[in-house]
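These notes concern the structure reproduced below.
The values are calculated or read from the model by the stated rules, or taken from the named source; none is laboratory data. Treat the numbers as computed from the prediction; the structure is a model and nothing was measured. Glycine gets a Cβ as well: all are built from the backbone with ideal geometry, and neighbour counts include every protein chain shown.
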There are 2 protein chains.
Amino acid sequence: MPDPMYRSIADDLRDKIESGELGRGTQLPTELELRDQYNASRNTIRDAVKLLITRGLVETRPGQGTFVVGKLDPYITILDLDTGFGEGGLVYAPDRPTEPTTPRVSDPRIEIHQAAGTLADELQLEDGAAVISRHQQRFIGDAPWSLQTTWYPMHFVDEGAVSLIKAKDMPQGVVRYLGEALGIKQARWRDQISVRAPDPIEARFFGLPDDGHVRVFEIRRIAFQDSGAPLRLTVTTYPADRNEFVMNVGDVPDTGAHPPGSGQPAPDGPGATAADQG
Amino acid sequence: MPDPMYRSIADDLRDKIESGELGRGTQLPTELELRDQYNASRNTIRDAVKLLITRGLVETRPGQGTFVVGKLDPYITILDLDTGFGEGGLVYAPDRPTEPTTPRVSDPRIEIHQAAGTLADELQLEDGAAVISRHQQRFIGDAPWSLQTTWYPMHFVDEGAVSLIKAKDMPQGVVRYLGEALGIKQARWRDQISVRAPDPIEARFFGLPDDGHVRVFEIRRIAFQDSGAPLRLTVTTYPADRNEFVMNVGDVPDTGAHPPGSGQPAPDGPGATAADQG
DNA sequence: AACGATTTGTTCGTATGTATC
DNA sequence: TGATACATACGAACAAATCGT
């Protein structure tokens, strides 16, 4: 009838964390101490702690203890400017809340594939048409920040944009290069934002805990030329526990590029008060 | 030195799921069968399954078994039109991929607070100034879809917009009402997208599994009047396992409002091929 | 409606390994 | 090196949910 013991213990600890009794960075009592405090077995205590880990509230460090994790100060990416995404542009780092940072970008890994299924659909190519992909790691300072892959129709290369297949970053941007080489302009695009579990490569690159509770944002940008023909598909992933995205519509007054509220939830959230049980 | 047993088992099962050998909805072998197959104890099998649950790959049903979960067909919300968000407008449901659906909205729960901290900052009010909050549950069909709270400066009510404090939904939209009552226009806004663990009320409303591995999107919209003064702050949360957001920049060609790729990842993802271990 | 079989959920005990200080 | 703390693995017993008879 009542909650199982490990859940009650987890809820009790969660209350202590959210009330501030256990501040961020604080070490929890050890498993053996908690076992005595709650009069449970060590395994039951461990079940409770696992629940708090999955909820993102605590982390364990072998040989040290269990600690309250604070919300990470997020990287903030502006989505409404072309330069803010895709070529590595408008990003705000925690240490520079009001001034954009420039990410460091690895040289791309180039691959050539035959488009199939979704990829062919999105680029509006025949099934089996050749595409070129450019895959890059992106860092802010020394910290891994995002993984990005962009696919282009191969016919751009045939038409003269041969640098597309060179494994060298283009600091000025691929879009500008395509404009100069072929007169192609990226006029409009669609961004699609979703969240999913990381694959093993993403988990390793971002250094995510291997229990898999941290999710990644996946942002797909399909960009089109003036003519309406698809130009490229860009898929970028970011760890969801330290990234946020901002989109401005219209000329938004200057309250600082860094949203004032980031890092601190509103005093009252969508579900913070009561009710909602109906 | 090698991976622990429960992790190897989990990885083996994950491979079978992602290769399609175990399709969505398929029942896995029972814990006792897996115990014999992998020559492990039942508890070790259960540890492996817990990992797959946290990764969102399987779910367990007491008395029945363990099953592969398919990716849910997402609700798709368009963020670039005002009607698409805030008043309940442009949303595409899985059963209607090309035609917008109209969400059903509960009557609001009205509360009056004193703005403090973040809320006062974002609405640019004095600390302690009165604000009114309108909290609503939003459904698509019978399914819970999102929770939304909007805060307005109380002076709008003093100036004549008395319907703001009536616990009645405004199907035509609060923005239009404020325009008619006070001549106020919502001209521009900023959306901020983040992901976090659900609070208990959200978990219950959305029916999320109580182990807490499903995250919620939190979208904060700060809207401004023509004058540049803040109009309102809206915070909306959506379960992240069945919602996606789309933003169009420029006049995007018609490839269907439902992005062709949703539900199916690209054949090649940002981390799908190799390398990235550097 | 009742019962038994099956399957996952909870809780305990115990032993040993590994990381950190 | 020893002590401490978390990680892995096994065994066991009972509870609770589901399903078919």
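Within the range A:70-85, which residues are within 11 Å of chain B (Cβ to nearest Cβ) and free of Cβ contacts under 8 Å to residues at least 60 places away in the same chain?
A:Leu81, A:Gly84
Cβ-Cβ distance below 9 Å, separation of 6 or more or different chains: which pairs start in the range B:11-31 with a residue that is on the phi > 0 side of the Ramachandran plot and end on one that is within 14 Å of DNA strand D (Cβ to nearest atom)?
Here the result reads B:Gly25/B:Phe67, each pair linking the range B:11-31 to a residue that is within 14 Å of DNA strand D (Cβ to nearest atom).
Name every residue in the range A:37-84 that is of a type in the set (S, T, N, Q), away from DNA strand D (no atom under 13 Å from the Cβ) and in contact with a strand residue (DSSP E or B) (Cβ under 6 Å, 6 or more places away or on another chain), in order of residue number.
A:Thr77
Identify the residue in the range B:135-180 that is of a type in the set (Ser, Thr, Tyr) and farther than 22 Å from B:Tyr75 by Cα and, among all such residues, is surrounded by the fewest Cβ atoms within 10 Å (Cβ to Cβ). First the steps, then the outcome.
First pass over the range B:135-180, keeping only residues of a type in the set (Ser, Thr, Tyr): B:146, B:149-150, B:152, B:163, B:177.
Now narrow it down to the ones that are farther than 22 Å from B:Tyr75 by Cα: B:152, B:163, B:177.
Values: B:Tyr152: 23, B:Ser163: 13, B:Tyr177: 15.
Per the stated criteria, the residue is B:Ser163.
Among the residues of the range A:1-17, what is the count of those that are assigned to a helix (DSSP H, G or I), near DNA strand C (Cβ under 9 Å from one of its atoms) and not aromatic (Phe, Trp, Tyr)?
First pass over the range A:1-17, keeping only residues assigned to a helix (DSSP H, G or I): A:5-17.
This time we only want the ones that are near DNA strand C (Cβ under 9 Å from one of its atoms), so: A:5-9.
Those still in the list that are not aromatic (Phe, Trp, Tyr) too: A:5, A:7-9.
Result for the range A:1-17: 4.
Give the residues of the range B:231-252 that are touching a helix residue (DSSP H, G or I) at 6+ places or on another chain (Cβ under 7 Å) and within 8 Å of chain A (Cβ to nearest Cβ), sorted by residue number. Outline the logic, then answer.
Initial filter on the range B:231-252 (touching a helix residue (DSSP H, G or I) at 6+ places or on another chain (Cβ under 7 Å)): B:233, B:237, B:239.
B:Leu233, B:Thr237 - these are the residues of the range B:231-252 that are touching a helix residue (DSSP H, G or I) at 6+ places or on another chain (Cβ under 7 Å) and within 8 Å of chain A (Cβ to nearest Cβ).
Please list, ordered by first then second residue, the pairs with beta carbon atoms under 6 Å, 6 or more apart or interchain, first in the range A:178-193 and on the phi < 0 side of the Ramachandran plot and assigned by TED's automatic domain parsing to the domain that holds A:Arg221, second part of a strand (DSSP E or B) and among the polar types (S, T, N, Q).
The qualifying pairs are A:Ile184/A:Gln225; A:Arg190/B:Asn248.
Does the range B:67-78 include one or more residues that are within 11 Å of DNA strand C (Cβ to nearest atom), of a type outside the set (Phe, Trp, Tyr), closer than 19 Å to B:Tyr6 by Cα and crowded, with 18+ Cβ neighbours inside 10 Å? Can you show your working first?
Start the filter on the range B:67-78 by keeping residues that are within 11 Å of DNA strand C (Cβ to nearest atom), which leaves B:67.
Applying the additional criterion that residues be of a type outside the set (Phe, Trp, Tyr) yields none.
No, there is no match, as no residue in the range B:67-78 is within 11 Å of DNA strand C (Cβ to nearest atom), of a type outside the set (Phe, Trp, Tyr), closer than 19 Å to B:Tyr6 by Cα and crowded, with 18+ Cβ neighbours inside 10 Å.
Filter the range A:1-58 down to residues that are out of contact with any Ser or Thr (no Cβ under 8 Å at 6 or more places or on another chain) and among the basic types (Lys, Arg) and give me whichever is farthest from A:Asp241 (Cα to Cα).
A:Arg42
Inside the range A:154-243, counting only helices (runs of 4 or more DSSP H) that do not spill past its ends, which hold 1 or more residues that are out of contact with any Phe, Trp or Tyr (no Cβ under 9 Å at 6 or more places or on another chain), farther than 30 Å from B:Gly70 by Cα and of a type outside the set (D, E, K, R)?
Values: elements: A:155-158, A:174-182, A:200-206.
Result: A:155-158, A:174-182.
Restricting attention to the range A:100-119, and to residues there that are among the hydrophobic types (A, V, I, L, M, F, W, C), buried (at least 16 other Cβ atoms within 10 Å of the Cβ) and in contact (Cβ under 8 Å) with a residue 40 or more places away in the chain, which single residue is nearest to the other protein chains (Cβ to nearest Cβ)?
Restricting attention to the range A:100-119, the residues satisfying the condition of being among the hydrophobic types (A, V, I, L, M, F, W, C) are A:105, A:110, A:112, A:115-116, A:119.
Among the residues that remain, those that are also buried (at least 16 other Cβ atoms within 10 Å of the Cβ) are: A:105, A:115-116, A:119.
Then keep just the ones that are in contact (Cβ under 8 Å) with a residue 40 or more places away in the chain; that gives A:105, A:119.
On the way: A:Val105: 13, A:Leu119: 5 Å.
For the range A:100-119, the residue satisfying everything is A:Leu119.
If you scan the range A:18-39, which residues turn out to be within 13 Å of DNA strand C (Cβ to nearest atom) and either among the β-branched types (Val, Ile, Thr) or not in a loop (DSSP other than H, G, I, E, B) (or both)?
Residues satisfying the conditions are A:Gln27, A:Thr30, A:Glu31, A:Leu32, A:Leu34, A:Arg35, A:Asp36, A:Gln37, A:Tyr38.
Of the residues that make up the range B:41-64, is at least one within 14 Å of another protein chain (Cβ to nearest Cβ), more than 30 Å from B:Asn248 (Cα to Cα), at pLDDT below 95 and within 16 Å of DNA strand C (Cβ to nearest atom)?
Within the range B:41-64, none of the residues are within 14 Å of another protein chain (Cβ to nearest Cβ), more than 30 Å from B:Asn248 (Cα to Cα), at pLDDT below 95 and within 16 Å of DNA strand C (Cβ to nearest atom).
For the range B:7-31, which residues satisfy the criterion of being within 11 Å of DNA strand D (Cβ to nearest atom) and more than 11 Å from every other protein chain (Cβ to nearest Cβ)? Spell out how you get there, then give the answer.
Taking the range B:7-31 and keeping what is within 11 Å of DNA strand D (Cβ to nearest atom), we get B:7-10, B:31.
Correct list: B:Ser8, B:Ile9, B:Glu31.
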